[in-house]
Amino acid sequence: MELRGIGPALVCSYLVELGGQQVDAETVVGPGWSARVVKLPPARIGALQLGRTHVSIQGEPEALDRLIERFRRKVLRAGG
């Protein structure tokens, strides 16, 4: 999944809060799952640049269901 406006370090910290352990700058491993977090080139919207982060998560279906539900709540941003 692609996230905008949330940097890789923050995404990794969210995954650690959800039970993972950071293995290196791009990898977090948790019980039954692993995630790779990669910084992408920023998106340009007119003169504005918005950071982008790609997150790929793999693992056992039951572990993924629990993780992704909680992870989506952490990365949810309301417009204003």
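Some observations on this one:
- Checking each residue in region 1-29 for being more than 10 Å from the chain's Cα centre (by Cα), surrounded by 15 or more Cβ atoms within 10 Å (Cβ to Cβ) and among the polar types (S, T, N, Q) picks out GLN22, THR27.
- If you go through region 44-55 and keep only what is in contact (Cβ under 8 Å) with a residue 24 or more places away in the chain and exposed (fewer than 12 other Cβ atoms within 10 Å of the Cβ), you end up with just LEU50.
- Of the residues making up region 46-68, those that are over 15 Å from SER34 (Cα atoms) and of a type in the set (Asp, Glu) number 0.
- Within region 57-80, the residues that satisfy the criterion of being closer than 15 Å to ILE6 by Cα, touching a residue at least 24 places away in the same chain (Cβ under 8 Å) and not charged (D, E, K, R) are PHE71, VAL75.
- Restricting region 47-63 to residues that are modelled with pLDDT of 95 or more and of a type in the set (A, V, I, L, M) leaves a set whose member that is farthest from the chain's Cα centre (by Cα) is ALA63.
The values are calculated or read from the model by the stated rules, or taken from the named source; none is laboratory data. As the structure is a prediction and not an experimental result, all values here were calculated from the model. Cβ: placed from backbone, ideal geometry, glycine included. Neighbour counts: every protein chain shown.
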